[in-house]
Amino acid sequence: MKVVEANHESIQQAAKILREGGVVVLPTETVYGLAANAYDLDAIARVYAAKNRPTENPLILHVSDREMVIDLARAWNVSAETLADRFWPGPITLVVHKSARVPMMVTGNLDTVALRMPEHPVALDTIRSAGVPLAMPSANRFSQLSATRVEHLDPELLAHVDLVLDGGPSRIGIESTVVDVTDEPPKVLRLGGISRGDIEAALRHSLGSQPPSGLRRSPGMYLRHYAPNAKLVLVKAIEKDCPGLTFGEAGAGQVHMPLNPSAYAANMYDALHRVDQPGTTEIQVEIPPETEEWEAVRDRLRKASA
Ligand code: TXA
Ligand code: MG
């Protein structure tokens, strides 16, 4: 069986597979990831193939300690240090200038690399045991819904994978916030598990505005992304018989969602997977409040509806 419960033995097995060039699905606190040794070009190619992802989309490298960062980053400034110190391990990814050791294939030929130290103990232990940074995009096919439970994993993706560690549901449920710290002030490239407000509080100054070239700099900004198979429509109030997500009472085929942004994020992908049944053509989702704390959730829903 490819899917095994995450424990000491299976983590060692995963680490061995990774050292030998295999690809493994791991739980993280944000979403499940599809991992490969960052220094192994064949393994990286397998990740792109498993996801059916265009190779110009750069991957995030995941580290278990700061020593690994030294090998990967050519420059590390005050903003990088401040954010890593405050939020690592955790759901923030820092884009920095890459060292020569980082393969161009990982960064889509960019001169920068995205780094994250995840908080999930299974992810951390696996990286530590493998002894190398892991390239780990979300474990979903290109432009599809991310997975926050092993039940969400696409069979076509699984066909390319050597082992899956089941660590239960992801606690945060939305991808990491990606922050470009190569320039002052730092800029958010993708909203996620850490809010803009928390980042600005840590930096003690404002973030820069979105780069105009964002579309090319961060493929997380593709118009359609994080999407179910059915057409997703954002609505004020859900229709009675349409499958979807509602803040009110849920009818048949509908899921009731909490009016709290963290709780909503933790359940969002699972709820979307549940209503995205074969044969369903349209899913309606009630628009969350327009306030800043809902920004990351609104971003994902807008992209899923594009
Ligand atoms: O929470 C997460 O970040 C998850 C878990 C598994 O760690 N990973 C994840 O990876 O969401 P992925 O590949 O699905 O999304 C990576 C995002 C993309 O939006 C990509 O454009 C951006 O990070 N990114 C990666 N390297 C970059 C770089 N050098 N410059 C700008 N953006 C980069
Ligand atoms: Mg992704």
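Nothing in this text is a laboratory measurement; each read-out follows from the coordinates by a stated rule. Since this is a predicted model, take the numbers as computed values, not measurements. Backbone-built Cβ (ideal geometry, glycine too); neighbour counts: all protein chains shown.
So here's what we get for this one:
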{"quantity": "At 1.002 mPa s and 20 °C, Stokes diffusion of the range 219-306 via Kirkwood alpha-carbon radius, µm² per second", "calculated": "166"}
{"quantity": "Cα-only radius of gyration and Dmax that characterise the range 9-156, units Å", "calculated": "14.2, 43"}
{"quantity": "Radius 14 Å from Cβ of residue 16, net charge of other residues (Lys, Arg +1; Asp, Glu -1)", "calculated": "-3"}
{"quantity": "Under 13 Å from residue 98, Cα to Cα: aspartates and glutamates that are on another chain or at least 8 residues apart", "calculated": "71, 111, 180"}
{"quantity": "Cα gyration tensor category, rounded, prolate or oblate, for the chain with a/c compared to 1.5", "calculated": "oblate"}
{"quantity": "Estimated FRET transfer efficiency (residue 100, residue 141; beta-carbon r; R0 22 Å; 0.05)", "calculated": "0.10"}
{"quantity": "Efficiency of FRET from Cβ geometry, residue 287 and residue 67, R₀ 45 Å, rounded to 0.05", "calculated": "0.50"}
{"quantity": "Mean-position separation - Cα centroids, the range 228-278 and the range 1-48, in angstrom", "calculated": "31"}
{"quantity": "Size-normalised alpha-carbon gyration radius of the range 23-63, reference 2.2 N^0.38 Å", "calculated": "1.11"}
{"quantity": "Directionally averaged projected area (convex hull, Cα atoms, the range 74-208), nm²", "calculated": "8.8"}
{"quantity": "Formal net charge of residues neighbouring residue 186 (Cβ-Cβ distance under 10 Å; K, R +1; D, E -1)", "calculated": "-3"}
{"quantity": "Taking 205, 120 and counting other C-beta atoms within 10 Å, the order from fewest to most", "calculated": "205, 120"}
{"quantity": "Difference of contour (0.36 nm per residue) and Cα-Cα distance, residue 74 to residue 236", "calculated": "53.6 nm"}
{"quantity": "Computed over the range 1-73, the ratio Rg/Rh where both radii use C-alpha atoms and Rh is Kirkwood", "calculated": "0.96"}
{"quantity": "Stretchable slack from residue 52 to residue 183, in nm (0.36 nm times residue separation minus alpha-carbon distance)", "calculated": "44.0 nm"}
{"quantity": "The range 48-92 pair-distance distribution - Cα-Cα, 5 Å bins, rounded %", "calculated": "5, 16, 23, 23, 12, 14, 7, 1"}
{"quantity": "14 Å beta-carbon shell around residue 37, net charge (K/R +1, D/E -1)", "calculated": "0"}
